[in-house]
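The values are calculated or read from the model by the stated rules, or taken from the named source; none is laboratory data. These numbers come from a predicted model, not from an experiment. Ideal geometry is used to build each Cβ from the backbone, glycine not excepted, and the neighbour counts take in all protein chains shown.
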Amino acid sequence: MERALFSIIGPNGSGKTTLLKLINGLEFPDTGKIRIDGTQLDEGNIQSIRRNVGMVFQNPVLFNASVYENVAYSLKFRGVSGSELCERVLKMLEAVQLNPLAKEMHRLSLEGKHSGSPWRALVYDPALMLLDEPTANLDPANTLIIENALRDANLQGKTIILVTHNIFQAKRLAGWIALLLEGEIIEEQDAPSFFSNPIDPRTMRFINGDIVY
């Protein structure tokens, strides 16, 4: 679904994170195939495909370095250097109100780590972004900053797949939503239809806050 903001929702343990790992080639399916932009994902092309895919993990792995260095890493890995690297990193950090000279990432609060993590993926301008609960540990102000950045990225042509347990966040952001239960997508519709006219009765129960399994 090119240039869409697609949200995958579901209860804990339903397989949302595993699905993102499959899309990014961190795991491979026992059956079936995964295609990204028409190209089948396999062990032979995974590295080249990943260069245009940004992934934000639920528990980010950050380096013992400044905020600037952490955000710059993904650009350096892709061969960007010098004034271009500096300009792109500072522009990104300024837009999201992060201090590039902030103390070392490993000493930041959990909230600080999560608020810094998405920018490492956004800064190198990937065509596809995979986000696993990017605002799960953030306060409302930082959540809003990230949500606005995702909207802007989508408007600029990025395809975004957002995993979230927050059904209200999915409703705010996504144009298309899928509900995953026990490893199976039981509902997949455009956002208005998903909430107003779900096909599977379990979807309405989930929307209403019932425990669904």
- Item | Residue in the stretch 116-129 that is of a type in the set (D, E, K, R), at pLDDT 85 or above and part of a helix (DSSP H, G or I) present | no
- Say whether the condition of being under 25 Å from Leu90 (Cβ atoms) and surrounded by 20 or more Cβ atoms within 10 Å (Cβ to Cβ) is met by at least one residue in the stretch 180-197. no
- Task: Among the candidates Gly82, Gly44, single out the residue that is modelled with pLDDT under 80 and either among the small types (Gly, Ala, Ser) or within 24 Å of Ala178 (Cβ to Cβ) (or both).
- Result: Gly44
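Residue by residue, here is whether (1) out of contact with any helix residue (DSSP H, G or I) (no Cβ under 6 Å at 6 or more places or on another chain); (2) small (Gly, Ala, Ser); (3) touching a residue at least 12 places away in the same chain (Cβ under 8 Å) holds:
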position	(1), (2), (3)
Asp139	yes, no, yes
Asp152	yes, no, no
Gly157	yes, yes, yes
Ile160	no, no, yes
His165	yes, no, yes
Ala178	yes, yes, yes
Leu181	yes, no, yes
Ser193	yes, yes, no
Asn197	yes, no, no
- Can you find a residue in the stretch 133-154 that is modelled with pLDDT of 90 or more, of a type in the set (A, V, I, L, M, F, W, C) and more than 12 Å from the chain's Cα centre (by Cα)? no
